[in-house]
């Protein structure tokens, strides 16, 4: 059942042509508007710009899973926002930027990476590849794209920490493909000294209680679970990042 749910979930994130409207995108997804990729505007009661600048910037790049497709308030309910909540609760406030775009393959992420690096992040978290698996694209192509993305980040932000969210290929593609696909993520993470989230959808894929009515996109509780999964892998990185940046201030 979990594998079946994973197959459906991955299918929903498949990349659509650039000229496709919302009704023609698989899973009903439309590309995110440009405004969704901009840093969130401060709200009443939020830290001042000067205070916000003191928080490490964490840039999340990903698909609809990161964008928070179908949530009532993605800016507050998608897993990057929930991740920031957990960090703040533990006394490690972060500035989070969600650069998720529905329907993107790793090739699409590779094409737009420079556009979102207008500010160098302290931590760059990459979630991509599920749509590559859906299309049966070669694991070698996926690996090359991940390498290129991390290389671009390194060139723009040499001191940035890196993190990679692992994904799984649909079960109908066969054991050889699934194993080759799965092996890409830890290999790339090791090569770039990136923290690895083994499987971002662990405990979410295939669980109807944690997915929306379409059985595809995680609900707010599903995104909370994703944030918990990510936090388990990334807490040491965040702790070290916050402590290092605090020590560097005059």
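Most tightly packed first, judged by the mean number of other beta-carbon atoms within 10 Å of their residues, the peptides 198-205, 82-89 read 198-205, 82-89. Shown is the FRET efficiency for residue 152 and residue 228, computed with R0 = 41 Å from the Cβ-Cβ distance and rounded to the nearest 0.05: 0.90. If a paramagnetic tag sat 7 Å from the Cα of residue 245 along the Cα-Cβ line, which residues of region 149-168 would have the backbone N under 18 Å from that point? Answer for this model: 153-154, 156-164. When peptides 129-136, 186-193, 92-99 are ranked by their average number of other Cβ atoms within 10 Å per residue, the highest-first order is 129-136, 92-99, 186-193. As a calculated quantity, the FRET efficiency between residue 191 and residue 213 at R0 = 41 Å, using C-beta atoms, amounts to about 0.55.
Please list, in order, the residues from region 79-97 whose amide nitrogen is less than 17 Å from a point placed 7 Å along the Cα→Cβ vector of residue 54. Residues 88-96 fall inside that zone.
When a/c reaches 1.5 or more, the comparison of a/b and b/c decides; with that in mind, is region 100-250 rounded, prolate or oblate per its Cα gyration tensor? Oblate. Computed over region 112-190, relative contact order equals 40 percent, with contacts defined as Cα pairs under 8 Å that lie 6+ residues apart.
From Cα pairs below 8 angstrom and at least 6 apart in sequence, can you work out the relative contact order of region 85-240, rounded to a whole percent?
For region 85-240, the relative contact order is 20 percent.
Computed extension length for residue 173-residue 144: 8.4 nm, one decimal, from 0.36 nm per residue of separation with the Cα-Cα distance subtracted. Sequence-distant contacts, meaning Cα pairs under 8 Å at least 6 residues apart, place the relative contact order of region 47-163 at 31 percent. Computed from label points 7 Å out along Cα-Cβ, the spacing between residue 112 and residue 235 is 3.3 nm. Peptides 100-107, 225-232 ranked from most to least packed, by the mean per-residue count of other Cβ atoms within 10 Å: 100-107, 225-232.
Each value in this text was obtained by applying a stated rule to the coordinates, not by laboratory testing. What you see is a predicted model; the values in this text were computed from it and never measured. Note that we place each Cβ from the backbone using ideal geometry, even for glycine, and neighbour counts take in every protein chain shown.
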